[in-house]
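K.L.:
Quick one: structure below, then a few questions.
The values are calculated or read from the model by the stated rules, or taken from the named source; none is laboratory data. In this text the structure is predicted, and so the values were computed from the model without any measurement. Methodologically, a virtual Cβ is constructed for each residue, glycine included, from the backbone with ideal geometry; neighbour enumeration extends over all protein chains shown.
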Amino acid sequence: MNSCSNKWLSVTYFTECLGCFLSFLMNAIFLSLLFKKQKTPFGNYQYLMAAFSGIGMFYSLCSFSIKPNFYVTENYFIIFTVFNNLILPKSLGSISLAIYGSCYAMMLSLITIQFYYRFTSVSDPVSLARRFSLKALAFWALLVILFSGLFGSLSYILYGPNVNKDSQLSQDFLKTYCLYSDEYVYIGPQYSFHDKENKKIYHMLSIGGICITAIMLWATFLIVVYFIYRIYKVFAERGLPFYASKKLQRQLFKTLILQSLIPIMCMYIPLTFMFVFSMFGVGSESVANLISMFAAIYPSLDPLLAMICIKSMKAIIKNIICCSRNRRIQIDVVDTDYTDLRVAYALQDISVRNGDAVA
């Protein structure tokens, strides 16, 4: 007979604390480098990257405050938190989990907008003034708020606690995690339950809700894949379809692929496995908790990858680490990559500054 254990809860707790610390550290370094005067200006794209870093830190703070865990069986898909680990008041337990769902959806929507910006910058940079002006900022902010708010509201309304889930989870959590019903709070869809006659009844409201939220999440993924494909097509065209050299095109596309793999591996794939496992009656405690672990680490990986791939940032970091001993190297030589990037971002800035004329 297997005894209960909270081992995975402890591992998840440590990962979320570490993820929050690394997220604030990496994003703070990234922001300081982003707005530091460099050979390579980033144009208005720096504000989008700054917003993404800010939201990443907010998401990490949300994850650290709530400490979400996942639990999957053949009947339900549960997000829960232990009261002892919850920084927020206990009365906000279910609401806090819905807020975490909103933050998760917010990160995915911002990833989509970031790839849309990247696609626009390489395919039609003069339209950046119209699509990402200060006036358009309100539209993008409203879109993100509506998307994440709808996701969180559906989670709270459709997946809240009920008598059937309370009864079943109290047994499962005591057996699995040594937790009593007054030590945790949860939300999550319940696909089916058994009535007094032991007849299996499907909970259509939860099934419908999980279909809606799954469509919302995977719509963002498909849009990202579409933009990656379109950017690849632009890079593959003959000539110079945008203001940069072929060498720089390959560099940017390599960065784009790496930056797309991280959210896919950390945000989409683990969550998809949990949806599939729960629908087909496959449960795994260790795999379920990987969702919150990967999601907690993701906000620190994205700025780290950007600092590694962006040459101007990497050069600054290298000079700091090497105590500036290489400052005298080729001071009269201009790197062609920097020249190409200056031209690209300068032309994008011109289009933005003359937005009224372009529009």
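K.L.:
What tally of residues in segment 84-102 results from selecting those that are aliphatic (A, V, I, L, M) and crowded, with 19+ Cβ neighbours inside 10 Å? Walk me through how you get there before you give the answer.
P.N.:
Within segment 84-102, the first condition is being aliphatic (A, V, I, L, M), and the residues that meet it are 86-88, 92, 95, 97-99.
Next, only the ones that are crowded, with 19+ Cβ neighbours inside 10 Å stay: 86, 97-99.
Counting residues in segment 84-102 that are aliphatic (A, V, I, L, M) and crowded, with 19+ Cβ neighbours inside 10 Å gives 4.
K.L.:
Any residue at all in segment 299-317 that is aliphatic (A, V, I, L, M), surrounded by 13 or more Cβ atoms within 10 Å (Cβ to Cβ), modelled with pLDDT under 75 and assigned to a helix (DSSP H, G or I)?
P.N.:
Within segment 299-317 (the criterion being aliphatic (A, V, I, L, M), surrounded by 13 or more Cβ atoms within 10 Å (Cβ to Cβ), modelled with pLDDT under 75 and assigned to a helix (DSSP H, G or I)), the answer is no, since none of the residues qualifies.
K.L.:
Further question on the same structure: Output the residue which, of all residues in segment 218-242 that are part of a loop (DSSP other than H, G, I, E, B) and surrounded by fewer than 18 Cβ atoms within 10 Å (Cβ to Cβ), is modelled with the highest pLDDT. Explain how you work it out, then say what you get.
P.N.:
Taking segment 218-242 and keeping what is part of a loop (DSSP other than H, G, I, E, B), we get 237-242.
Adding the requirement that they be surrounded by fewer than 18 Cβ atoms within 10 Å (Cβ to Cβ) leaves 237-241.
Details: Glu237: 69, Arg238: 57, Gly239: 54, Leu240: 49, Pro241: 49.
In this case the residue turns out to be Glu237.
K.L.:
Mind counting the residues in segment 187-213 that are under 17 Å from the mean Cα position of the chain (by Cα) and at pLDDT below 85? Steps first, please.
P.N.:
Looking only at segment 187-213, we keep the residues that are under 17 Å from the mean Cα position of the chain (by Cα), and these are 213.
If we keep only those that are at pLDDT below 85 as well, we get none.
Residues meeting the conditions: 0.
K.L.:
Please tell me if Lys39 is among the basic types (Lys, Arg), touching a Leu at 6+ places or on another chain (Cβ under 9 Å) and modelled with pLDDT of 85 or more. Please lay out each step first, then the result.
P.N.:
Details: among the basic types (Lys, Arg): yes; touching a Leu at 6+ places or on another chain (Cβ under 9 Å): yes; modelled with pLDDT of 85 or more: no.
No: the conditions fail for Lys39.
K.L.:
Pairs needed: first member in segment 188-207, more than 23 Å from Thr81 (Cβ to Cβ); second member anywhere, acidic (Asp, Glu); C-beta distance under 7 Å; at least 6 residues apart or different chains.
P.N.:
Partner pairs satisfying both residue conditions: Ile201/Asp195.
K.L.:
Looking at this structure, is Asn289 on the phi > 0 side of the Ramachandran plot and either of a type in the set (Lys, Arg) or modelled with pLDDT of 75 or more (or both)?
P.N.:
It is false that Asn289 is on the phi > 0 side of the Ramachandran plot and either of a type in the set (Lys, Arg) or modelled with pLDDT of 75 or more (or both).
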